[in-house]
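Student: Just passing along the structure, written as structure tokens.
Just so it is clear, none of the values below were taken in a lab; they were calculated from the coordinates. Given the structure is predicted, the values throughout are model-derived calculations rather than measurements. For neighbour counting, all protein chains shown are included, and Cβ atoms are generated from backbone atoms with ideal geometry for every residue, glycine included.
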Amino acid sequence: MIIHQETFLAFDTAFEQGRVVIFSRDGTILSECALDDKMSHSTSLCGAIERCLQAAPPLCAVMVGLGPGSFIGLRIALATALGYSFGRSLPLMGFSSHLALAHSTTEHQKLAVVTKASGNLVYTSTFLRNKLHIKPLTECAVLDKNETLAHLDHSFKSGRTKSDYLIISDVDLGGRALNVRGPTAEGVVDACLEKIALGIIDESTHIKPDYRKGPNVSIPKNSPICGQLLPSA
């Protein structure tokens, strides 16, 4: 008799390149698919999921990237996740899309993730890698793209010395960043495992995309921070 480990379906369409992954509790990737065209996530996601599920063992949960990222991409992913969760009577859990990007590289202890927001604004998160995990250093913030590098240099500064760190980004930061179009399959799995380690808890009745907006306060034009990101009500 073949005994399967707990198996999970995870997907993320927060960025230009989406990702669908089937993986087991020990982190083994059973199948995966990249969604290369951002404009077709709404029509290609379900087909990619079905292809990945063809030879998969029974699932124990569905996991979805909650952003921050593309407004439309987050809605597509969450609506699809709710459908699969309800249709198969499975728990639904969310994970951070920025954490999945941070896990998509094995380089550097200090990491910054910078992704497109609207106009000239970007979403920016910072992380610290230890032996087994990547933990957030700061809350995700909305920054002006042109002031992001100065903000990050200041955030990672140790005393009078600028600390070495890696930027993972889907925007052009003048050669300072490792440019990506979306998370790797391994990045998605590792972000999910961080969440699974806290317990498999069904979030389907209250799960929300990580939409971000600046507070309703006046920000000086010379401020490097355009607004601290807050989940929408």
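Student: Take peptides 50-63, 183-196 and line them up by average Cβ neighbours within 10 Å, highest first, as a rough protection proxy.
Tutor: Peptide ranking by packing, descending: 183-196, 50-63.
Student: Would you kindly derive the ³J(HN,Hα) couplings of region 58-65 from the backbone phi angles with the Karplus curve 6.51 cos²θ - 1.76 cosθ + 1.60 (θ = phi - 60°), listing them in order in whole Hz, with x for Gly and Pro?
Tutor: Values, residue by residue: x, 7, 10, 6, 10, 10, 9, x Hz.
Student: Work out, step by step, the length gained on full extension between residue 176 and residue 147: first 0.36 nm times the residue separation, then minus their alpha carbon distance; give nm to one decimal.
Tutor: Gain on stretching residue 176 to residue 147: 9.1 nm.
Student: With +1 on each Lys and Arg Cβ and -1 on each Asp and Glu Cβ, how big is the dipole of region 5-133 about its Cα centre, in debye rounded to the nearest 20?
Tutor: 280 debye
Student: Once you place label points 7 Å from the Cα toward the Cβ at residue 55 and residue 138, how far apart are they in nm?
Tutor: Distance between the two pseudo-spin positions: 4.6 nm.
Student: Based on alpha-carbon positions alone, could you give the equivalent ellipsoid semi-axes of the chain from the gyration tensor, as √(5λ), descending, whole Å?
Tutor: Output for the chain: semi-axes of 31, 19, 16 Å.
Student: Sticking with this one: Working out 0.36 nm times the residue gap between residue 25 and residue 39, then minus their Cα-Cα distance, what length gain in nm do you get to one decimal?
Tutor: Full extension of this stretch gives 1.9 nm more.
Student: On to the next question. Given +1 on the Cβ of Lys and Arg, -1 on the Cβ of Asp and Glu, and no further charges, what dipole in debye does the chain carry about its Cα centre, rounded to the nearest 20?
Tutor: 580 debye
Student: If each of residue 71 and residue 128 carries a label point 7 Å out from its Cα toward its Cβ, how far apart are those two points in nm?
Tutor: So the label points at residue 71 and residue 128 sit 3.5 nm apart.
Student: Follow-up. Taking a cut-off of 19 Å, what percent of all Cα-Cα pairs in region 125-199 are separated by more than that?
Tutor: 46 percent
Student: HN-Hα J couplings of region 88-94 from phi, Karplus 6.51/-1.76/1.60, θ = phi - 60°, integer Hz, Gly and Pro as x?
Tutor: Calculated HN-Hα couplings, in order: 10, 6, 10, x, 10, 9, x Hz.
Student: Another question, if that's okay. What is the Cα coordinate range of region 11-68 on the first, second and third principal axes, sorted by size from largest, in whole angstrom?
Tutor: Taking max minus min along each principal axis of the Cα atoms, region 11-68 gives 31, 24, 15 Å.
Student: With N denoting the number of residues in region 50-112, provide Rg(C-alpha) divided by 2.2 N^0.38 Å, to two decimal places.
Tutor: In units of the 2.2 N^0.38 Å rule of thumb, it is 1.33.
Student: Grab the eigenvalues of the alpha-carbon gyration tensor for region 166-210, scale each by 5, take roots, and send me the semi-axes largest first in whole angstrom.
Tutor: 29, 13, 8
Student: Now for a different question. Just to compare against my own numbers: the Cα pair-distance distribution for region 37-164, 5 Å bins, whole % per bin, please.
Tutor: Pair shares across the bins are 2, 9, 15, 18, 17, 14, 12, 7, 4, 2, 1, 0.
Student: Search the structure for amide H atoms under 5 Å from the amide H of residue 35, placed 1.01 Å from N in the peptide plane, and list their residues when 5 or more places away or on another chain.
Tutor: Close amide H contacts, sequence-distant or interchain: 18, 19, 20.
Student: I need the GluC sites (Glu not before Pro) found in region 106-183, filtered to DSSP loop residues with at most 11 other beta carbons within 10 Å of theirs.
Tutor: The qualifying sites are 107.
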